[in-house]
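See below for the structure under consideration.
Here, each number is a calculation from the coordinates, and none is a lab measurement. None of these values were measured; they are calculated from a predicted model. Here the Cβ positions follow ideal geometry from the backbone for every residue, glycine too, while neighbour counts run over all protein chains shown.
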Amino acid sequence: MKLSILKDKLTQVEAVEFLLPNGETVPAHYHVTEVGQVTKHFIDCGGTVREEKVVNFQLWFANDVEHRLMPQKLLSIIAIAEEKLGLQDAEIEVEYQTDTIGKYGLQFENGQFQLTNKMTDCLAPEKCNIPAQKNTFNLSELVVQNNSCTPGSGCC
């Protein structure tokens, strides 16, 4: 989700709820302790220099269980960050600690912001000789048309 979409969704909700990929909810008394823009300048395994930018939010909670971050307050925090840091309309990455700090993507479904798992990937598979992934299926999933299999039909 890009920053512009987050800002739009914040105008449509009465509460800002975050749901973890495992279905648990981030405790309602969380704080947004950081808003920033993170630039990653790197070289991939194929030798290509790359740069990625994300808008980063850090969620944290303490023992102030009555704390609630309302949508308008989060919008004002974002506005300050846009003014002071010159945030771009980039993809959002959310940091949240369970056992260790995790980095998540962000989606919006059913009135909740859902933290999504992020995955690693090879950015230069052609240079690393990584074979293309083949489709797999079970033989029981094959559909035989007209309950018949004739030579040349491709069913057997």
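Out of residues 5 or more away from Glu91 or on other chains, whose amide H comes under 5 Å of its own, with H placed 1.01 Å from N in the peptide plane?
Sorted by chain and number, the residues that satisfy this are Val55.
Taking the chain as the reference, fit the longest principal axis to its C-alpha atoms, fit the long axis of helix 71-85 to the helix C-alpha atoms, and give the angle between the two in degrees, 0 to 90, nearest 10.
90
With the chain treated as a Gaussian network of Cα nodes joined by springs under 10 Å, which of Asn63, Asn129, Asn138 yields the largest mean-square fluctuation?
For the chain, modelled as a Gaussian network with Cα springs under 10 Å, the answer is Asn138.
What residues qualify as long-range amide H neighbours of Gln114, i.e. H under 5 Å apart, gap of 5 or more or another chain, H built at 1.01 Å from N?
Result for Gln114 returns Leu19, Gln107, Phe108, Glu109.
Please give the net charge around Tyr30, taking every other residue with its beta carbon less than 14 angstrom from that of Tyr30, where Lys and Arg add +1 and Asp and Glu add -1.
Net local charge, Tyr30 excluded: -4.
Enumerate the calculated ³J(HN,Hα) couplings along segment 54-61 in order (Karplus 6.51 cos²θ - 1.76 cosθ + 1.60, θ = phi - 60°), each rounded to whole Hz, writing x wherever the residue is Gly or Pro.
So the J values, rounded to whole Hz, are 9, 8, 10, 10, 10, 9, 8, 9.
Percent relative contact order of the chain, based on C-alpha pairs within less than 8 angstrom and at least six residues apart?
It comes to 25 percent, rounded to a whole number.
Could you work out how much longer the chain between Asp44 and Val13 gets when fully extended? Use 0.36 nm per residue separation minus the Cα distance between them, nm to one decimal.
7.2 nm
Would you mind working out the magnitude of the charge dipole of the chain relative to its Cα centre, with +1 at each Lys and Arg C-beta and -1 at each Asp and Glu C-beta, to the nearest 20 Debye?
Computed about the Cα centre, the dipole is about 340 debye.
Once you mark the GluC sites (Glu not before Pro) that are in a DSSP loop and have at most 12 other Cβ atoms within 10 Å, what is the longest gap between them in the chain?
67-125
Please identify the trypsin sites (Lys or Arg not before Pro) of segment 2-93 that satisfy two criteria: DSSP loop assignment and at most 15 other Cβ atoms within 10 Å. Which are they?
Arg68
Taking K and R as +1 and D and E as -1, what net charge do the other residues with C-beta under 14 Å from the C-beta of Gln112 add up to?
Value of the local net charge: -3.
Give, as ranges by residue number, the residues of segment 40-77 whose backbone N falls under 14 Å from the point 7 Å along Cα→Cβ of Glu126.
Under cut-off, by backbone N: 46-48.
Only one of the values (i) 1, 7, 13, 16, 14, 10, 8, 7, 7, 6, 5, 3, 2, 1, 0; (ii) 1, 7, 8, 10, 13, 16, 16, 12, 8, 5, 2, 1, 0, 0; (iii) 2, 10, 19, 23, 24, 17, 5, 1, 0 was calculated from this structure for P(r) over Cα pairs in 5 Å bins from 0, in percent; name its label.
Of the labelled values, this structure produces (i).
Between Thr100 and Asn135, what's the calculated FRET efficiency when r is the beta-carbon distance and R0 is 30 Å? Round to 0.05.
0.30
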